[in-house]
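This report refers to the structure that appears directly beneath it.
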Amino acid sequence: MHKAGVDFVITMDADGQHDPASAKHLLETVVSGKADVALGTFEARGSGLRRVAWKMMGLASGLDFRDPTSGYRAMNASAIKALTSSAASMLDHQDIGVLILLVRARLRISEIPVNMFPRKSGQSRIFSTWRVVFSYMIHTLSLALAKRQLRRNQPSKQRNTVA
């Protein structure tokens, strides 16, 4: 995408959960230069299990995001370049691994509250069964251990409130 001259990209899940009206808040954050990546967060969607899993993923990875599995993001050209690199092609999952890669690239990531709807179809690929959750946690731990220097390289993270 960066070779095509794209300046900004918005990603969202295809299950109908992400409210397209929230995209403007994500994009405004990136276009204004406040962040390289705007991560759409919706804390209320997290069940008790999900919140525990997110906390464990955060401890294992060194990341401190409220909704680290969110696929709702806006990114600038620097983030697009990082995510089209050969390092990104080795990622199995498009959430924790991507966030680790973006942080290691020293990009600024802001969390932006977004609206979400109940899923219209499908199920969570991460939180569908205990076995899948466990497998994902092992994958995250393995990835985090391979990237131990993340905590030393992490730039300040910004949390924003959208009116």
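Give the residue that is surrounded by the most Cβ atoms within 10 Å (Cβ to Cβ), with candidates limited to residues of the stretch 1-42 that are among the charged types (D, E, K, R) and assigned to a loop (DSSP other than H, G, I, E, B). Among them, the one singled out is Asp36. Among the residues making up the stretch 21-32, those that are touching a residue at least 12 places away in the same chain (Cβ under 8 Å) and out of contact with any Lys or Arg (no Cβ under 8 Å at 6 or more places or on another chain) are Ala21, Ser22, Ala23, His25, Leu27, Thr29, Val30, Val31.
FYI, it's all coordinate maths here, none of it is from the lab. No experiment lies behind these values; they were computed from the predicted model shown. Using ideal geometry, Cβ is built from the backbone for each residue, glycine included, and neighbour counts are taken over all protein chains shown.
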